[in-house]
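One structure below.
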Amino acid sequence: MLLTTSANFTQSGVDRNIEAGTLIRGGSAPARAAEHVSELQRTGVLRRFW
């Protein structure tokens with residue numbers, strides 16, 4: 001399962017934007033997205049903020 005959203009929880013985002021999301025069940029997209037995020041973490045592109 002893969003959930004992607006445009007969630008913007010700043011005050012201006014809440015006041016002025018229409019947020020959207022999509023849920024994908026099955027197919028290759030969920031696994032490919034998980035592999036991509038893992039690779040970004042492995043290479044240091046994505047790191048914990050705290």
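The values are calculated or read from the model by the stated rules, or taken from the named source; none is laboratory data. Treat the numbers as computed from the prediction; the structure is a model and nothing was measured. Neighbour counts are summed over all protein chains in view; Cβ atoms, including those assigned to glycine, are modelled from backbone coordinates with ideal geometry.
Is it true that some residue in segment 2-10 is in a helix (DSSP H, G or I), surrounded by 11 or more Cβ atoms within 10 Å (Cβ to Cβ) and of a type outside the set (A, V, I, L, M, F, W, C)? Within segment 2-10, not a single residue is in a helix (DSSP H, G or I), surrounded by 11 or more Cβ atoms within 10 Å (Cβ to Cβ) and of a type outside the set (A, V, I, L, M, F, W, C). Residue under question is Glu19, and the condition is that it be part of a helix (DSSP H, G or I) and out of contact with any Lys or Arg (no Cβ under 8 Å at 6 or more places or on another chain); does it hold? In short, no. Looking at this structure, is Leu46 at pLDDT 85 or above, surrounded by 11 or more Cβ atoms within 10 Å (Cβ to Cβ), assigned to a loop (DSSP other than H, G, I, E, B) and out of contact with any Phe, Trp or Tyr (no Cβ under 7 Å at 6 or more places or on another chain)? Yes; evaluated as a whole, the condition is true for this residue. The residues in segment 15-43 that are at pLDDT below 85, more than 13 Å from the chain's Cα centre (by Cα) and exposed (fewer than 11 other Cβ atoms within 10 Å of the Cβ) can be counted, and the count is 3. Beta carbons closer than 6 Å, at least 6 apart along the sequence or on distinct chains, pair a first residue in segment 4-20 that is in contact (Cβ under 8 Å) with a residue 12 or more places away in the chain and of a type in the set (Ser, Thr, Tyr) with a second that is in a loop (DSSP other than H, G, I, E, B) and surrounded by 11 or more Cβ atoms within 10 Å (Cβ to Cβ) for Ser6/Glu19.
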